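Note sheet for the following structure.
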Amino acid sequence: MSARTTRWPILLAYSMLFLALLACGGFQVRVTPTAVPPEAAQPTPEPTATVAPPTAAPTQAVTPAPGGATVTPAPLLKGLMKVVATGGVNVREQPGTKAKPVGRFNANAIVTVIEGPTTADSYTWWKVSADKLSGWVAAGPENDPWLIPYSAGETPAAQPARTPQLVDRAIKVGDRVQVTIDPAQVLTIRDYVGTNTTPVAKVRQGTVFTVRSGPVKQDGLVWWELEGDNLKGWAAEGSGKDRWLTPLE
């Protein structure tokens, strides 16, 4: 048998096998599905609270004074003050160097503050009181004060007796009065009112009496009954602008 005759059945068998494979899809490429992991769930963003900026606390308004300076009310000092001026200090009816003087406090006097401070004539003034005398006193310049706060723990110095001062006011019963007639003259003390009554004494300037009664008007003058050292009688208080008797305080 020839070689060609032998291969023919083999070729036929292969042809039949090929056709069978085509019929069964033997040559179709099969895609094996690959498991795809499910998509990872995205986290849901949580809501973020909105924080409001802090509100500044209100501050007390400060009213500026003219020129930009801040006005700070001066506190009222209540308590005691001490006179440190060597020559003492004048006491006046009102704040100011031209106000009427009503007396004087000596150096080292301890006084009670009852009002102030206030400013007048470039000085700070306090209204003070001590020994039945009250009025306004200047505190003095800053570099040389006349009046300073008194410490409660400080031992007060012995207070010298205050010298009575002449005051310009009307005389009243009970006053201590001083004869203020011209030094070249004398004041006549009489046994009663009137220029024609009997003189009992003649006194000079500076003599001090206590007023016991009055006033009585006689002969164009105002008369007061006076009592002094071993002397009692009536005297006129003055004539016109001339004052012969002046109260002491």
Gain on full stretching of the segment that runs from LYS217 to LYS132 - 0.36 nm per residue minus C-alpha separation: 27.5 nm
R0 of 45 Å, Cβ-Cβ distance ASP182-SER122: FRET efficiency to nearest 0.05: 0.75
Semi-axis lengths (Å, descending) of the ellipsoid that matches the C-alpha gyration tensor of region 176-248: 15, 14, 12
Centre separation in Å (Cα based) which lies between region 196-216 and region 78-153: 36 Å
Inter-site label distance for LYS98 and THR86 at 7 Å from Cα along Cβ, in nm: 3.0 nm
Whole-number percent relative contact order across region 176-248, with pairs defined as alpha carbons under 8 Å at least 6 apart: 35 percent
Added length on full extension, which subtracts the Cα-Cα distance from 0.36 nm per residue, ASP229 to ARG243: 2.9 nm
Simple label model, 7 Å out from Cα along Cβ direction - SER151 to VAL200, nm: 5.6 nm
Violating pairs (Cα-Cα greater than 28 angstrom) within the set LYS127/LYS241; LYS98/LYS232; LYS217/LYS241; LYS172/LYS232; LYS98/LYS202; LYS127/LYS217: LYS127/LYS241; LYS98/LYS232; LYS98/LYS202; LYS127/LYS217
Contour minus Cα-Cα distance for THR112 and ASP144 (0.36 nm per residue): 9.4 nm
Global size of region 79-149 as Cα Rg and Dmax, reported in angstrom: 10.5, 30
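Read-outs throughout are calculated quantities, based only on the coordinates presented, and are distinct from any laboratory measurement. Treat the numbers as computed from the prediction; the structure is a model and nothing was measured. Virtual Cβ from ideal backbone geometry, glycine too; neighbours counted across all protein chains shown.
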